[in-house]
Amino acid sequence: MRLEGKVALVTGGTSGIGAGTVGRLAAEGARVVFTGSNAAAAEQVCAATGARFHKHDVTDAAAWPELTDMILADFGRLDIAFANAGTESGDASVEDITMDGWNKVVGVNQTGAMLTVQHAIRAMKRNAQGPTGAIVVNSSMNAHRAMGNFVAYSVTKAAVVALVKSAAVHCGNQGYAIRVNAILPGVVETAMIRNIIEGSGDPAATRAAYEGMSPLKRMASVEEVAALVAWLGSDESRFVSGSEYVIDGATTAGMMGV
């Protein structure tokens, strides 16, 4: 119960890593508010975790004050924010991507993450004991190893690492006890990935391809990624800020020689 007494916000919390993190934070004692657009999926997460759902679009700058004001009014504080909402929809190669596709991915993955960090800091400054808290941004191993067929996703996941470092330096220089860090997952076995595997022409080969990307020869579990977020949100990591934590089973660490 290392998060007992803390209040957490998770964006994109209705499925995948987001839903897993809602469950992990709640299990460790935090009171959790999560956002997204899928109200039906949110009901299941609420029932399983006791968390509260607030329908919200991370790209809607005008709606952010309402969300943070609600959290502070109902829970009295904000201690942890996990900027998890993301998308690949509309992405393509640099030659093929449309402006609509580019703007959609950048809007969610980059602008949405910036707004989450910005408004989390503003909310955390209103905590009773002063500016305190921990912010975690979900980047990707593709920040370091870009994909040729997903240019916008790759660019935005690299950009949010710079966002984290800039925000961490800012908070420190302002005297805020607010830490900002990034996680960079590799392939995670979410329900979406399992659906892709099962829907492929050769599920065994597709699974092997995903698992073969890591020298550990498997995908990460949602629970493993959620555990890293929980640690970064806890007081155990209170001197960790401006860091990027790769959790990809050594996928991007290097390569074997010949």
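Where a number appears in this text, it was derived from the coordinates with a stated rule and is not lab data. This one's a predicted model, so the numbers in the text were calculated from it and none came from an experiment. Reconstructed Cβ throughout: ideal geometry from the backbone, glycine too, with neighbour counts over all protein chains shown.
If you add up the charges near residue 91, with Lys and Arg at +1 and Asp and Glu at -1, over every other residue whose beta carbon is less than 15 angstrom from its beta carbon, what do you get?
So the surrounding residues net to -2.
Can you tally the net charge around residue 67? Count Lys and Arg as +1, Asp and Glu as -1, for every other residue whose Cβ sits under 12 Å from the Cβ of residue 67.
-2
Which value, in debye to the nearest 20, describes the size of the charge dipole of the chain about its Cα centre when Lys and Arg Cβ atoms bear +1, Asp and Glu Cβ atoms bear -1, and nothing else is charged?
Computed about the Cα centre, the dipole is about 720 debye.
HN-Hα J couplings of the stretch 163-174 from phi, Karplus 6.51/-1.76/1.60, θ = phi - 60°, integer Hz, Gly and Pro as x?
4, 4, 5, 4, 5, 5, 5, 4, 4, x, 5, 7
Would you mind telling me the antiparallel percentage of the DSSP bridges in the chain, rounded to 5?
Roughly 0 percent of the DSSP beta bridges within the chain come out antiparallel.
Can you list residues whose amide H is under 5 Å from residue 182's amide H, if they're 5+ apart or on another chain and H is modeled 1.01 Å from N?
137, 243, 244, 245
For every helix of n ≥ 4 consecutive DSSP H residues, a contribution of -39,500 (n - 2.57) applies; sum these over the chain, divide by its total residues, and give [θ] at 222 nm rounded to the nearest 500 deg cm²/dmol.
Mean residue ellipticity, 222 nm, calculated: -13000 deg cm²/dmol.
Distance from the Cα centre of the stretch 72-98 to that of the stretch 134-180, in angstrom?
So the separation of the two Cα centres works out to 12 Å.
Please compute the net charge surrounding residue 153, taking Lys and Arg as +1 and Asp and Glu as -1 over other residues with Cβ under 13 Å from its Cβ.
+1
Run down the lysines and flag those whose C-alpha is under 21 Å from the C-alpha of residue 104, throwing out any fewer than 8 positions away in its chain.
Counting by Cα, and skipping residues close in sequence, residue 104 has these lysines nearby: 55, 157.
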